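This report refers to the structure that appears directly beneath it.
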Amino acid sequence: MSRVFNFSAGPAVLPEEVLKTAAAELFEYKDSGMSVMEMSHRSKDFENILNEAQSDLRKLMNIPENYKILFLQGGGCTQFAMIPMNLMRNKIADYIITGAWSKKAAAEAKIYGQVNEVASSADKNFSYIPDLSDLNISEQADYVYICQNETIHGTTIRKLPNTKGKVLVADVSSMFLSEPLDVEKYGIIWGGVQKNIGPAGVTIVIIREDLIRDDVLPFTPTMLKYKTHSDNNSLYNTPPCYNIYVCGLVFKWLLQLGGVSEMRKINEAKANLLYDYLDASKLFHATVANKSDRSFMNVPFVTGDKNIDAEFVSAAAKSGFKNIKGHRSVGGMRASIYNAMPAEGVKKLVEFMANFEKGRV
Ligand SMILES: *Cc1c(COP(=O)(O)O)cnc(C)c1O
């Protein structure tokens, strides 16, 4: 039995220590006499798991008291609807379109109200981040929306948009806990956990209290109101208990490692190793040219020749570098190097690429 280096964009690699703890506790969780999978979500044991996960996340992200942490279901795509349903009072929102995921979010929001695309990088296949310092923000905008790390296109917004006083909503699915964020700059920070935190099935929403309201769009189902989940500490109905437990283990792993500022240093070093090689390579190149726009988490790259790309993907897989094929909209390759990808994995990948290149140019 041997584990590969898994560069999947999501569901993605988890820390080995976490998987081992989960395995050790799978059959019997502490003194409970049962698995977390078998526990009532109303039990004392699970209540402790949930509350500890919450307080560890609060510590990790330095989340102020006036923000609530919700553990929801329905994946990232449900948030695309939940956000307008809960926030659109004037039925106008401004969207910044920097890739596939912000585009999808905007398309969904259009079902509920007017969506203004105040910035876009569609003209160059989303390979850069436009200037966001002076946008034409709508006077009546209920919020301004960004996807801070575009998983498919490999860009990150490093300088938040000037929202001119409007509420900022950010999808951080693929950069969650990869680096420090200043929570107070946002109204909502949310992400599906299957990219950088835990097993698919949990979406974490960090929301400022004044945005949790009863006056949502009139047809909004009970399950899609933030207030329902906030009033019930994410226990309105049965939550994805086991997955929340694994997220909690990942939070403890991160705390032990020194928190997200330490994690950022490690992530930046890993990403630089790969980008530096790509910038020097004669065969491969990164699809995001502007260094300050490059994601530390998702690194798309191409050779410019589809056949060589395919050959590389298959040779890499045979050598234990899995899931490195790029998304069809960008082509080529993509290495997702999330928190749990060890530096060793990136180093070995770069060595493998250099060897592949040597045989070619
Ligand atoms: C994966 C992803 C989503 C969609 O998540 P689902 O849970 O599959 O609905 C949304 N936003 C970003 C940035 C993602 O990477």
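The values are calculated or read from the model by the stated rules, or taken from the named source; none is laboratory data. These numbers come from a predicted model, not from an experiment. No Cβ is skipped: glycine too gets one built from the backbone with ideal geometry, and neighbour counts run over all protein chains shown. We work out accessible area using only protein heavy atoms, side chains counted, and drop any ligands, DNA or RNA first. Shrake-Rupley method; radii C 1.70, N 1.55, O 1.52, S 1.80 Å.
Given charges of +1 on the Cβ of Lys and Arg and -1 on the Cβ of Asp and Glu, with all other atoms neutral, how large is the dipole of the chain about its Cα centre, in debye to the nearest 20?
Computed about the Cα centre, the dipole is about 740 debye.
Less than 20 Å apart at the alpha-carbon level, and either on another chain or at least 8 residues along: which aspartates and glutamates does that give for Lys282?
By straight Cα distance, Lys282 reaches Asp305, Asp309, Glu311, Glu351, Glu357.
Can you name the helices of the chain, as whole DSSP H runs, whose Cα span along the helix axis is 20 Å or more and whose Kyte-Doolittle mean is not below 1.0?
For the chain, where a helix must reach 20 Å along its axis and average at least 1.0, the hits are 241-257.
Leaving out ligands, DNA and RNA, and with a 1.4 Å probe, what % of the accessible surface on region 278-318 is carbon or sulfur?
Ligands and nucleic acids excluded, carbon and sulfur give 54 percent.
Hey, if you put +1 on the Cβ of every Lys and Arg and -1 on every Asp and Glu Cβ in the chain, which of Tyr29, Leu60, Phe126 ends up farthest toward the positive end of that dipole?
Result: Phe126.
With the other protein chains left in place, how much accessible area per residue, in square angstrom, belongs to the chain at a 1.4 angstrom probe?
Solvent-accessible surface per residue comes out at 43 Å².
Report the accessible area of Glu184, computed with a 1.4 Å probe over the heavy atoms of all protein chains in place, in Å² rounded to the nearest 10.
120
Read phi for every residue in region 166-182 and hand back ³J(HN,Hα) as whole Hz from Karplus 6.51 cos²θ - 1.76 cosθ + 1.60, θ = phi - 60°, with x for Gly and Pro.
7, 5, 9, 10, 10, 8, 10, 2, 8, 9, 4, 6, 8, 6, x, 10, 8
Restricting to bridges with both residues inside the chain, how much of the DSSP beta-bridge set is antiparallel, in percent to the nearest 5?
55
Given contacts defined as C-alpha pairs under 8 Å and at least six residues apart, what's the relative contact order of region 249-350, whole-number percent?
Relative contact order for region 249-350 comes out at 28 percent.
Loop only by DSSP, 12 or fewer other Cβ within 10 Å of the Cβ. Give me the GluC sites (Glu not before Pro) in region 69-142 that pass, ordered by residue number.
Passing both the DSSP loop test and the Cβ count: Glu139.
Could you work out [θ]222 nm for the chain from helices alone, using -39500 (n - 2.57) per DSSP H run of at least four and dividing by all its residues? Round to the nearest 500 deg cm²/dmol.
Rounded to the nearest 500, the figure is -11000 deg cm²/dmol.
Amide H of Arg213: which non-local residues (sequence gap of 5 or more, or other chain) have their own amide H closer than 5 Å, using H built in the peptide plane?
Distant-sequence amide H within range of Arg213: Lys227.
In region 243-361, with Lys and Arg counted as +1 and Asp and Glu as -1 at Cβ, which of these residues, Val288, Gly258, Ile244, has the Cα nearest the positive end of the dipole, that is, farthest along it?
Ile244
Just to check I understand the Karplus step: with θ = phi - 60° and J = 6.51 cos²θ - 1.76 cosθ + 1.60, what whole-Hz values come out for region 326-341, glycine and proline as x?
x, 5, 4, 6, 10, x, x, 10, 8, 9, 8, 10, 5, 2, 7, 6
Tell me the chymotrypsin sites (Phe, Trp or Tyr not before Pro) within region 125-223 that lie in a loop according to DSSP and have at most 11 other beta-carbon atoms within 10 Å.
When the chymotrypsin sites (Phe, Trp or Tyr not before Pro) of region 125-223 are filtered for loop state and at most 11 Cβ neighbours within 10 Å, Phe219 remain.
So, with a 1.4 angstrom probe, what is the percent of accessible area on region 21-157 that is carbon and sulfur?
47
Leaving out ligands, DNA and RNA, and with a 1.4 Å probe, what % of the accessible surface on region 182-223 is carbon or sulfur?
With neighbouring chains kept in place, the figure for region 182-223 is 50 percent.
Which value, in debye to the nearest 20, gives the size of the charge dipole of region 227-361 about its Cα centre, when Lys and Arg are +1 and Asp and Glu are -1 at the Cβ?
About 160 debye.
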